[in-house]
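What follows is a single structure, written as structure tokens, with notes after it.
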Amino acid sequence: MLTLLKSWVRPDAFQAVLTERSGRWYNACLRITRDADLAADAVQDALLKAWDRRDDFRGEAALDSWIHRIALNAAIDLTRRRKRRAEEELEDDRFEAAPSESPESEYAQEALGRDLGTALQRLSTMERQVFLLKHIEGWRLDEIAESLQTTINGVKHALFRAVRKLRVDLHVWRGES
Amino acid sequence: MISDDDLLLYYYRDGLDATERARIGAALAEQPELARRLHALVARLDATTALPEVPVPAATQQRWHAALAAATSERRVESPRRGFFAQPKWQAFAAAAAVAVIALVFGVQKLVTPPVSTPGPELVMSHASAYENGLKVHLASTERRLASLNEATPEERARLVETIIGQNRIYALAAERAGEPELARVLRAFTPILESVADGRGQTAGSVAQLGFELRVMQARLKADAATPAKTL
């Protein structure tokens, strides 16, 4: 069985899944990062990490889903690093445009849909990422907490805040509040 | 009283213990108004999941395929090594040496090369100059950080490496925008090596050797380009 799995995770399997599914990975990363360059970097990082750790792939999920998850974690990590850099090394920011003003963020807006994209702009990074990971990607709360390096309660409260804000802009629960 | 937050967790089937789930389930069965609220929530939230997808730029697709092809071919020729070559200190030294070579190639060479008058728009020259200066500073600080890795604690080492990787990414993006895809690729190639230095993993000797080879190729190319007055990073 192990031989079968290992033989399946060959370079051509990676190239095939890259051709077929990279659009999905890219769009998911774009929603998380709101930056086309970071999203592209996240997918590339995920591909290389997945290839490097292919022996860890047990086949419980599809190869596509496995790389998708790694890509999302990479996107979160890149977003975190960018934020930290922006805070610590302002003088190095001349190569980066402000996310809310860049063409990349407009591109990301397309990936979210105008309505949801606009609504998500009102959320903090944490709230937006938690909502996307929970509601769109279907991650468990503990998985989100681990990836975002926070507690489950922190994730819950970010999710509650996100949904409350989205209720206003998207008229969720219209007539209920 | 069952809050909207509780309903949300009930909908996600996550974050509630069995008792809480049973309590909300029973309440939903008994209270039509509560069930209506949950139904409205589900309908509205599910409406947000139909997201459009933007196409992946063709150049990005090509970059991914090239990166994967390079990684898979690299691993085919890589042979595991033991002993000295598997030690983190050797990896740190190799990474430091590699960055030092880049610094020599892209930084020092720029400093010692006599200024050459290059035809071209002023705007482009100004942008290139800021980019080059930034790159020189980055490479110099990277050299210093790598030199201090061996004395650093594991936590400090991880933090230093993370900083270098993060800054490499900025300059890789800048290099691509400056029309230097090769430099961008080399800067990105440091990431897995640096990560292995940070977490003490072995078996990166093949990657380092490959990187060393690529640097030598780049050096040779730059030497050839040095004869061309219009060469700009």
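Against the test of being modelled with pLDDT under 80, surrounded by fewer than 13 Cβ atoms within 10 Å (Cβ to Cβ) and within 12 Å of chain B (Cβ to nearest Cβ), the options A:Glu104, A:Glu91, A:Glu110 yield a single qualifying residue, A:Glu91. Within the range B:43-55, the presence of at least one residue that is within 13 Å of chain A (Cβ to nearest Cβ) and at pLDDT 85 or above is confirmed.
Of all residues in the range A:44-53, exactly one satisfies the criterion of being farther than 21 Å from A:Gly23 by Cα and in a helix (DSSP H, G or I), namely A:Asp52. Note on the range A:6-60: among residues that are of a type in the set (Phe, Trp, Tyr) and in contact with a Leu (Cβ under 9 Å, 6 or more places away or on another chain), the one that is farthest from A:Ile76 (Cα to Cα) is A:Trp8. The residue of the range B:10-47 that is farthest from A:Arg140 (Cα to Cα), among those that are acidic (Asp, Glu) and surrounded by 12 or more Cβ atoms within 10 Å (Cβ to Cβ), is B:Glu20. Looking at this structure, is A:Arg54 at pLDDT below 95, more than 8 Å from every other protein chain (Cβ to nearest Cβ) and crowded, with 16+ Cβ neighbours inside 10 Å? Yes; evaluated as a whole, the condition is true for this residue.
A residue that is part of a helix (DSSP H, G or I), away from chain B (no Cβ under 11 Å) and modelled with pLDDT under 75 can be found somewhere in the range A:68-88.
Screening the candidates A:Gly154, A:Gly175 for the property of being out of contact with any Asp or Glu (no Cβ under 9 Å at 6 or more places or on another chain), of a type in the set (Gly, Ala, Ser), modelled with pLDDT of 95 or more and more than 30 Å from A:Leu48 (Cα to Cα) yields one hit, A:Gly154. Using the structure shown, decide if A:Asp37 is at the interface with chain B (Cβ under 7 Å from one of its Cβ atoms), at pLDDT 95 or above and assigned to a helix (DSSP H, G or I). The answer is no for A:Asp37.
Do we find a residue being within 15 Å of A:Leu148 (Cα to Cα), touching a residue at least 40 places away in the same chain (Cβ under 8 Å) and not assigned by TED's automatic domain parsing to the domain that holds A:Glu143 anywhere in the range A:31-49? Yes. Contact annotation: residue pairs with Cβ atoms under 7 Å, 6 or more positions apart or on different chains, pairing a residue in the range B:1-16 that is within 10 Å of chain A (Cβ to nearest Cβ) with a partner that is buried (at least 20 other Cβ atoms within 10 Å of the Cβ) and basic (Lys, Arg), are B:Tyr12/A:Lys134; B:Gly15/A:Lys156.
The values are calculated or read from the model by the stated rules, or taken from the named source; none is laboratory data. Keep in mind it's a predicted model, so treat the numbers as computed, not measured. For neighbour counting, all protein chains shown are included, and Cβ atoms are generated from backbone atoms with ideal geometry for every residue, glycine included.
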